[in-house]
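**Q** Before I ask anything, here is the structure I am working with.
The values are calculated or read from the model by the stated rules, or taken from the named source; none is laboratory data. Note that the structure is a prediction, hence the values are computed from the model and not measured. Cβ atoms come from the backbone with ideal geometry, glycine included; neighbour counts cover every protein chain shown.
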Amino acid sequence: MKMIIAVIQDKDSSRLTDALAENNFQSTKLATTGGFLKAGNTTLMIGCNDESVDEALEIIKDNCSQREQMVAPISPMGGNADSYIPKPVKVEVGGATVFILPVESYFQF
Amino acid sequence: MKMIIAVIQDKDSSRLTDALAENNFQSTKLATTGGFLKAGNTTLMIGCNDESVDEALEIIKDNCSQREQMVAPISPMGGNADSYIPKPVKVEVGGATVFILPVESYFQF
Amino acid sequence: MKMIIAVIQDKDSSRLTDALAENNFQSTKLATTGGFLKAGNTTLMIGCNDESVDEALEIIKDNCSQREQMVAPISPMGGNADSYIPKPVKVEVGGATVFILPVESYFQF
Ligand code: NI
Ligand code: NI
Ligand code: NI
């Protein structure tokens, strides 16, 4: 038995928990702030059997990997939109920091 | 030394933390959502000596086990209460998912 | 690799996370209530290399140790402030409860 602790970005959170649930992984979401990732983040605890760790990691990777996104920057002046069309810029989003902790025993009451 | 992580239902939370405190177990409550249990849940971290793990588990079991409860269902129409007396239905409440993690060292400053 | 879980007082929280960040430790703050310490508390998760655990503990100790503080007590009656000057009293503030957990593996996606 292992406890997977995954710190991910808020925006990837529901996609990941849905994908985990579809594959029969149960996760608990902890409210977290600041930290390992720059933007607002979420910490998930996932309890799983030793033989399912790789599958869980694969799901986390598929849904939360760091990637580039084009975003329209906010016009610096707020001013005359007709004369100024801001170019979209690349930003990095997503990313996951994942710790696998050993579990000595597990109970369900 | 062990770290007990118990995911329980919100409704069992204060009863459990009270029972733990009466038995000299210190717990920290983490705000959590979704996850291992269907209803709103709470995660408790309990640090305890190796020889006290069984006692802590007993307290969790006594206060949070899954059980059936009779609840009056909400009238589907909201309508004429005189002519419609809803039969109470059984629902499952409570339940605890508990992980025991090894602790390598412990400090108090 | 280790996971340091530190339960500290809210009032020491930003000072500690700043000090950790200056020393290249990444921490995630979990919203917590009640528990190991009497006043409102915060739980930090800090992932760190085996060889950096002592340095992280030193930073936690320096920023969160239990200490005495003089506080002006609230006048019991709210009443005549001219005739009653409350003597400051010593209270204990701060304190940290720290668990070091083993980490089996660590991933960054
Ligand atoms: Ni195992
Ligand atoms: Ni031990
Ligand atoms: Ni290690």
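**Q** Criterion first (at pLDDT 95 or above, part of a strand (DSSP E or B) and either farther than 26 Å from residue C:44 by Cα or within 16 Å of ligand 3 (Cβ to nearest atom) (or both)) does residue A:98 satisfy it?
**A** For residue A:98, the condition - at pLDDT 95 or above, part of a strand (DSSP E or B) and either farther than 26 Å from residue C:44 by Cα or within 16 Å of ligand 3 (Cβ to nearest atom) (or both) - is met.
**Q** Right, something else. Can you name the residue in segment C:1-22 that is assigned to a helix (DSSP H, G or I) and charged (D, E, K, R) and, of all such residues, is surrounded by the most Cβ atoms within 10 Å (Cβ to Cβ)?
**A** C:12
**Q** Turning to a different aspect of this structure: Checking the structure you have, find out if any residue of segment B:81-94 is aliphatic (A, V, I, L, M), out of contact with any strand residue (DSSP E or B) (no Cβ under 8 Å at 6 or more places or on another chain), modelled with pLDDT under 95 and in a loop (DSSP other than H, G, I, E, B).
**A** Taking segment B:81-94 first, the residues aliphatic (A, V, I, L, M) are B:81, B:85, B:89, B:91, B:93.
From what is left, the residues that are out of contact with any strand residue (DSSP E or B) (no Cβ under 8 Å at 6 or more places or on another chain) are B:81, B:85.
Now drop any that are not modelled with pLDDT under 95, which leaves B:81, B:85.
Within this subset, residues satisfying the condition of being in a loop (DSSP other than H, G, I, E, B) are B:81, B:85.
Yes; the residues of segment B:81-94 include at least one that is aliphatic (A, V, I, L, M), out of contact with any strand residue (DSSP E or B) (no Cβ under 8 Å at 6 or more places or on another chain), modelled with pLDDT under 95 and in a loop (DSSP other than H, G, I, E, B).
**Q** Quick one: is residue B:60 modelled with pLDDT of 95 or more, within 16 Å of ligand 1 (Cβ to nearest atom) and within 11 Å of another protein chain (Cβ to nearest Cβ)?
**A** no
**Q** Only residues in segment C:1-24 that are in contact (Cβ under 8 Å) with a residue 12 or more places away in the chain and within 15 Å of residue C:53 (Cα to Cα) count as the first member; pair them with residues that are within 16 Å of ligand 3 (Cβ to nearest atom) and in a helix (DSSP H, G or I), Cβ under 6 angstrom, at least 6 apart or cross-chain, and list the lot.
**A** Once the first residue is in contact (Cβ under 8 Å) with a residue 12 or more places away in the chain and within 15 Å of residue C:53 (Cα to Cα) and sits in segment C:1-24, its partners that are within 16 Å of ligand 3 (Cβ to nearest atom) and in a helix (DSSP H, G or I) give C:2/C:53; C:4/C:56.
For every residue, the table says whether it meets (1) at pLDDT 85 or above; (2) more than 16 Å from ligand 2 (Cβ to nearest atom); (3) hydroxyl-bearing (Ser, Thr, Tyr).
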{"site": "B:35", "(1), (2), (3)": "no, yes, no"}
{"site": "B:40", "(1), (2), (3)": "no, yes, no"}
{"site": "B:50", "(1), (2), (3)": "yes, no, no"}
{"site": "B:53", "(1), (2), (3)": "yes, no, no"}
{"site": "B:64", "(1), (2), (3)": "yes, yes, no"}
